[in-house]
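The values are calculated or read from the model by the stated rules, or taken from the named source; none is laboratory data. Treat the numbers as computed from the prediction; the structure is a model and nothing was measured. Cβ atoms come from the backbone with ideal geometry, glycine included; neighbour counts cover every protein chain shown.
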Amino acid sequence: MSVLVLIEATEGSIKKSSIEAACYAKAVATQTNAPVSALVVGDASETEIQTLGKFGIEKAYFLEGESFKRFAIGPVSVALAKAAKSTSANVIIGAKSNLSDAVLPRTTAALQASMTTNVVSLPSTSGGFEVKRSIFTGKAFATVKLEADIKVLSVKKNAIDLTESPVSIQVEKLEVSLSDADNSVKVTGQEKANAEISLPEADIVVSGGRGLKGPENWGLVTDLAKTLHAATGCSKPVSDLDWRPHHEHVGQTGIKVSPNLYIAIGISGAIQHIAGINSSKVIVAINKDPEAPIFKVADYGIVGDAFEVVPKLTEALSKI
Amino acid sequence: MKILVCITSVPDTTSKISFANNNTQLDPNGVTFIIGPYDDYALARAVELKEAGQATHITALNVGLADTEPVIRKALAIGADDAIRVNAAPVDSWFVAAQIAEAAKSGNYDLVMMGRESIDYNSGVVHSFVAEMLGWQVVTPVMKLEVEGSTLSMSREIEGGKEFVKANLPLVVGCQEPIAEWKIPSMRGIMSARTKQLQVLEPTATDLKVNTLSFELPPAKSGCKYVDSANVEQLVSMLKSEAKVI
């Protein structure tokens, strides 16, 4: 019996969401009196991997091979199942991410495990294994019981606070042999926007809608975002009109964000957009239409012209 | 190429969600059920491939009780050739995946398509379970899909961008925008949907992996605090000292 956490590293650093997952895993391990280890995927030095020790992880496995560095789904799923077997893991944790979305269910099926997603708090382990999850795209919660011997959880952002509980950590390579079938999905290239704060991971998001009238006005949004060290997002119409890249679309069929602060500028607040932002801790709306539905879900609102209000807001924020 | 498009029947995004029976069931009163929007993307792409002569047959499949048939007929109206309803409540993702895997095998499908996730439970696991059950690969979430013989060229969403992949049939894919534009059924489509075959199959039993015990709604929001547009400093100070988010 042990807890295993999937850790993702990009550009040499362990992702913040993975640190959260590590804290979650450590908490479950403490609760169930079990050891906790990690499988690290991506590019991270031994020194970087050792920082997991700060959060209570006793053992970390790393992988060698091009397919693991590139987060190839088939190979990573096989590696995770192998790590689970090596550690006799009965609980596997991953932070919700594009990688874990694809890997965790593959590993779950291979291990005949029980998996649930968008987990918002620690499990109750007194009678079985029960956990609360977010459903209906943030409109409700469900309490579910995981019945199989092995439980796999995809944990939502902010499910747990970061807590340090330092231990000494052992770092070891995990040998994984892959079949041709495992390697049969070929990655032929990638296209990534550079040096951007990842929207799903962001603590602050500044988002623009059609009220900004055109892509040439987006400086308003990016200036405010820069001042706040925020990620930038947009509504579906803005993305459909190609004013902003696809990966900025926040909404029911786009990215669902969980920031501490979401600032919606010139966004009317269609239900489809609300579905993408209802996990935000605080929502601020700036819109010149007092009837805009966004004000029904906002915590703070300014009824006014974004072209006047936003630059003033950026200036006021740069002073604090 | 035979395509199996798996669709969910889910409350539309504008529906108010509430629970009945001591918070153990979704209250269907006042809820409009639709094809899950992500599944709608998969179906639209499948129909495009058929119209381009790259697919020979499309079957729409749903795991659900008789009340999902209107939603299945909509998939037929959009362009599926026939449909299968596995007669059972979708108790958990593992159960649903097992029904799909069984249908994919017995119907000799080459490509299984569905949305990246359903908008009710947001699990996003069925496609990957199906792939493991069939011994196939899975690519998700797919933003673009082109067919070149028995090879599929796709782009999938990754953090902050996209990744280009190639894979061979047979394959499972989880779809999202902008793979295709949602199709609106034509009058002819709606008429033909009435007579296209909707086969009802009995389910295969599986172990219950995830037991949903109860539901709850989030606490109500306390209402918007308005700040005068001439007074942005007040907003900044509230965000700092009151909300503590900056």
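Matching residues to (1) closer than 29 Å to A:Glu20 by Cα; (2) assigned by TED's automatic domain parsing to the domain that holds A:Lys256; (3) touching a strand residue (DSSP E or B) at 6+ places or on another chain (Cβ under 8 Å); (4) modelled with pLDDT under 90:
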{"residue": "A:Leu153", "(1), (2), (3), (4)": "yes, no, yes, no"}
{"residue": "A:Ile160", "(1), (2), (3), (4)": "yes, no, no, no"}
{"residue": "A:Ser165", "(1), (2), (3), (4)": "yes, no, no, no"}
{"residue": "A:Asp180", "(1), (2), (3), (4)": "no, no, no, no"}
{"residue": "A:Ser184", "(1), (2), (3), (4)": "no, no, yes, no"}
{"residue": "A:Gly189", "(1), (2), (3), (4)": "no, no, yes, no"}
{"residue": "A:Glu196", "(1), (2), (3), (4)": "yes, no, yes, yes"}
{"residue": "A:Glu216", "(1), (2), (3), (4)": "no, yes, no, no"}
{"residue": "A:Thr222", "(1), (2), (3), (4)": "yes, yes, yes, no"}
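Listed conditions (1) under 23 Å from A:Thr137 (Cβ atoms); (2) facing chain B (nearest Cβ under 10 Å); (3) outside any strand (DSSP E or B); (4) over 16 Å from the mean Cα position of the chain (by Cα) are all met by A:Pro200, apart from (4). The helices (runs of 4 or more DSSP H) located wholly in segment B:65-134 that include 1 or more residues which are among the hydrophobic types (A, V, I, L, M, F, W, C) and free of Cβ contacts under 8 Å to residues at least 60 places away in the same chain occupy B:93-106, B:126-134. With the requirement that a residue be touching an Asp or Glu at 6+ places or on another chain (Cβ under 7 Å), outside any helix (DSSP H, G or I) and of a type outside the set (Asp, Glu), what does segment A:11-44 give you? Scanning segment A:11-44 gives A:Gly12, A:Ser13, A:Ile14, A:Lys15, A:Pro35, A:Val36, A:Ser37, A:Val41, A:Gly42.
Restrict the check to segment B:129-148 and report whether at least one residue is over 26 Å from A:His246 (Cβ atoms) and more than 13 Å from chain A (Cβ to nearest Cβ). Within segment B:129-148 (the criterion being over 26 Å from A:His246 (Cβ atoms) and more than 13 Å from chain A (Cβ to nearest Cβ)), the answer is no, since none of the residues qualifies. Which of the residues spanning segment B:195-204 are of a type outside the set (S, T, N, Q), in a loop (DSSP other than H, G, I, E, B) and either surrounded by 12 or more Cβ atoms within 10 Å (Cβ to Cβ) or modelled with pLDDT under 95 (or both)? Hits for segment B:195-204 are B:Lys196, B:Pro203.
No other residue among A:Ser154, A:Ser121, A:Ser134 is part of a strand (DSSP E or B), under 25 Å from B:Ala20 (Cα atoms), within 20 Å of the chain's Cα centre (by Cα) and polar (S, T, N, Q) apart from A:Ser134.
Among the residues of segment A:286-320, those that are β-branched (Val, Ile, Thr) and crowded, with 22+ Cβ neighbours inside 10 Å comprise A:Ile286, A:Ile294, A:Ile302, A:Val309, A:Val310.
Within the set A:Thr87, A:Thr125, the sole residue that is surrounded by fewer than 21 Cβ atoms within 10 Å (Cβ to Cβ), more than 10 Å from chain B (Cβ to nearest Cβ) and closer than 18 Å to A:Thr32 by Cα turns out to be A:Thr125.
Scanning segment B:215-246 for residues that are hydrophobic (A, V, I, L, M, F, W, C), touching a strand residue (DSSP E or B) at 6+ places or on another chain (Cβ under 8 Å) and not in a loop (DSSP other than H, G, I, E, B) yields B:Phe215, B:Val232, B:Leu235, B:Met238, B:Leu239.
Could you please let me know if A:Ala298 is at negative phi, in contact (Cβ under 8 Å) with a residue 24 or more places away in the chain and under 24 Å from the mean Cα position of the chain (by Cα)? So that I can check it myself, show each step before the final result.
Values: at negative phi: yes; in contact (Cβ under 8 Å) with a residue 24 or more places away in the chain: yes; under 24 Å from the mean Cα position of the chain (by Cα): yes.
Criteria met by A:Ala298.
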